[in-house]
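The values are calculated or read from the model by the stated rules, or taken from the named source; none is laboratory data. None of these values were measured; they are calculated from a predicted model. Using ideal geometry, Cβ is built from the backbone for each residue, glycine included, and neighbour counts are taken over all protein chains shown. Side chains are part of the model used for accessible areas, which takes the heavy atoms of the whole protein and leaves out ligands, DNA and RNA. Shrake-Rupley method; radii C 1.70, N 1.55, O 1.52, S 1.80 Å.
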Amino acid sequence: MSRKLPISDATWKQLTECNRVAVKQGWASPGVFATGVGPEYDPTSNLALLYVGKSAGPLGTLVGSNTNQTASGAASTKWMVEKRNKSAFWQMVDLIDPSRRRIAWTNICKMDEVGGSRPPPAHRWPPIAEPHLQALKEEVAFLAPHVILFATSGYCGATIASLLEDLGYKSRTLGFRDGHTKLTATSEGALAIETRHPQGWPTSERNRVVHLARELLLRPV
């Protein structure tokens, strides 16, 4: 791929315009989140993991979300590998790669509500969905992860399911049922896990998903 950043210039421009309009409407915080890519992330490796959250939430300003993709992505990466947060979200992926240097990190929604306490609710999503989903599609294509792990509790679940289907991911059988976790895969062997956000989740159930992710990452590409 000729571009050097996960999100194309055209899509990034749409995201920043989307954010500008939402800020003007008074409900969004300024700045667009960009992909954090660990310095040892290797798309040719079966250890390549893309970790996906809902949005940067209260971390938006700390992560460095702004209107420049290069600067925003560098800030996200720095924040990630310096382990500036020990939340349940990060504790979960630390069980897979405690260094965080071999993973990439993104969020479904690249901007946040004013105050940053949560991602935009369902009624805010339709007007902003298109550029965010296009960005995620481009991130997956650019990063070519062996495994995508959505720790998102079904946030925008129907549209994420549609996006994965568009990318060639089809349902696969899981060895357990917890009411949250789904597994899909492409014919080329790329895999995606959709599961709940680990906040408040019993350790035994969370660890079952961690074990699944580890097992899939060790599976040959």
Taking Cα atoms, how many degrees apart are the long axis of helix 125-143 and the longest axis of the chain, rounded to 10 and kept between 0 and 90?
-> 50
Based on DSSP H runs of at least 4 residues, each adding -39500 (n - 2.57), what is the mean residue ellipticity at 222 nm of the chain after dividing by all its residues, to the nearest 500 deg cm²/dmol?
-> -12000 deg cm²/dmol
Rounded to whole Hz and in sequence order, give me ³J(HN,Hα) for segment 185-194 from the Karplus expression 6.51 cos²θ - 1.76 cosθ + 1.60, θ = phi - 60°, writing x for Gly and Pro.
-> 8, 9, 5, 8, x, 6, 10, 9, 10, 10
Exposed trypsin sites (Lys or Arg not before Pro) absent - longest run of the chain, DSSP non-H/G/I/E/B, at most 12 other C-beta within 10 Å = 87-176
Tabulate in residue order the Karplus-calculated ³J(HN,Hα) for segment 98-107, using 6.51 cos²θ - 1.76 cosθ + 1.60 with θ = phi - 60°, rounded to whole Hz; enter x for Gly and Pro.
-> x, 7, 6, 8, 9, 10, 10, 9, 8, 9
Take S65, S171 and sort them by solvent-accessible surface of the protein heavy atoms, 1.4 Å probe, largest at the top.
-> S171, S65
Cα gyration tensor category, rounded, prolate or oblate, for segment 1-106 with a/c compared to 1.5 | oblate
Under a 5 Å amide H to amide H cut-off, with H placed in plane at 1.01 Å, what residues pair with I148 once short-range neighbours are removed?
-> L50, L191, A192, I193
Given pairs K78/K182; K54/K137; K13/K83 and cut-off 20 Å on Cα-Cα distance, the over-length ones are K78/K182; K13/K83
If you line up the long axis of helix 9-25 against the longest principal axis of the chain, both from Cα atoms, how many degrees apart are they, to the nearest 10?
-> 60
Most to least accessible of C109, C18 (protein chains only, probe 1.4 Å) = C18, C109
Taking only protein heavy atoms and a 1.4 Å probe, the highest-to-lowest accessible-area order of D42, D112 is D42, D112
Just read off the accessible area of W125 with the full protein assembly in place, 1.4 Å probe, to the nearest 10 Å².
-> 20
Answer label, with percent of Cα pairs over 23 Å apart calculated from the coordinates and candidates (i) 46; (ii) 52; (iii) 42 = (iii)
